Amino acid sequence: MKKMQVWKGSRNMMPLEIKHRVIGRGEPLICVPVVEQDAQSVIREITYLSQSTADMIEWRVDAFRDFTDYNAIRSVFEAVAPLLGEKLFLYTFRTAHQGGMAQVKAEQLDDLHDLAAESGCVDLVDLEFFEEDRPLHKIKRLREMGVSVIASHHDFEQTPSPEVMKMLLEKMCAGGADIVKLAVMPQNYKDVLNLLDVTAQFREENPDTPVITMSMGSLGGISRIRGDVRLLRHIRRARKAECAGTVRHERTQTDAGYDSCQQPDTIELLKKDKHREIA
């Protein structure tokens, strides 16, 4: 199977291109996670999504009950490889520390990442940057194996200060990741605005590093609705209104009990039920 184009060295040299798509430019991409527990269901879901309008399919391997059976994972790769075509394929093992469904030792996580990189069909691997002992080494090794890397960090307790959020994004970027991702939990509307502002600043300072950010829960819905640079103007208007005491927050419910995660820069992560078409 044809390998993706992987840019070596600094991510600031040129845009990231995978399967003829320039990531981080133009319209956000739609990525749908697959969280089925058994191989047959995983393959059936990916088959369905391969015929949808989704741009990217994410396999959440932490939801797969046989994730300790490496041959079972290889069998899924072999079954879905011919189906993917131009769909981007993202491989994620979200650990319990970062809000996932399972916890593994570092050595086993290395093996799981290697399986993805060696598969010939995985385009991107999600790497929990601050959970790794040697994240820079891990990113370099995975990229040399032929996959792009999303360096991610999730905070389910709070939204850190703008200075800390910017530092987290910059550290992941400096670590050589192809894409950086930050997800935080807002406590109030100001937290959401802070995340959006930090995202806009990071994007302006690092135009060739795609960035995914999201403010989780219903409170952070606005961060998952707009996906273009015009968002910055809305942020600044909102900040002026906030200073004037005119901002009123209205809580909204996400569809079907899950969040749709449209990013302010690159990738829109939409959770769906299997009977719903993707717009």
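The values are calculated or read from the model by the stated rules, or taken from the named source; none is laboratory data. Please read all numbers here as calculations on a predicted model, not as lab measurements. Quick reminder, even Gly has a Cβ in these numbers, built from the backbone with ideal geometry, and neighbours come from all protein chains shown.
Do you know which residues across the stretch 35-51 are in contact with a Lys or Arg (Cβ under 9 Å, 6 or more places away or on another chain) and not β-branched (Val, Ile, Thr)? Within the stretch 35-51, 36, 37, 38, 44, 45, 48, 49, 50 meet the criteria. When residue 71 is tested against (1) surrounded by 15 or more Cβ atoms within 10 Å (Cβ to Cβ); (2) modelled with pLDDT of 95 or more; (3) polar (S, T, N, Q), exactly one condition is not met: (1).
Residues in the stretch 114-127: is at least one of a type in the set (Val, Ile, Thr), touching a helix residue (DSSP H, G or I) at 6+ places or on another chain (Cβ under 9 Å), surrounded by 18 or more Cβ atoms within 10 Å (Cβ to Cβ) and not in a strand (DSSP E or B)?
Yes, the stretch 114-127 has at least one match.
Yes or no, residue by residue, for (1) of a type in the set (Gly, Ala, Ser); (2) within 16 Å of the chain's Cα centre (by Cα):
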| residue | (1), (2) |
| --- | --- |
| 120 | yes, no |
| 156 | no, yes |
| 159 | no, no |
| 171 | no, no |
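Name the residues in the stretch 136-157 that are of a type in the set (Asp, Glu) and part of a helix (DSSP H, G or I), would you? Listed by number, the list holds a single entry, 144.
Condition check ((1) of a type in the set (D, E, K, R); (2) over 30 Å from residue 51 (Cα atoms); (3) modelled with pLDDT of 50 or more) across all residues:
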position	(1), (2), (3)
162	no, yes, yes
182	no, no, yes
193	no, yes, yes
221	no, no, yes
232	no, yes, yes
263	no, no, no
271	yes, no, no
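Residues considered: 197, 110, 133. Of these, the only one that is of a type in the set (Asp, Glu), in a loop (DSSP other than H, G, I, E, B) and either in contact with a helix residue (DSSP H, G or I) (Cβ under 7 Å, 6 or more places away or on another chain) or within 20 Å of residue 59 (Cβ to Cβ) (or both) is 133.
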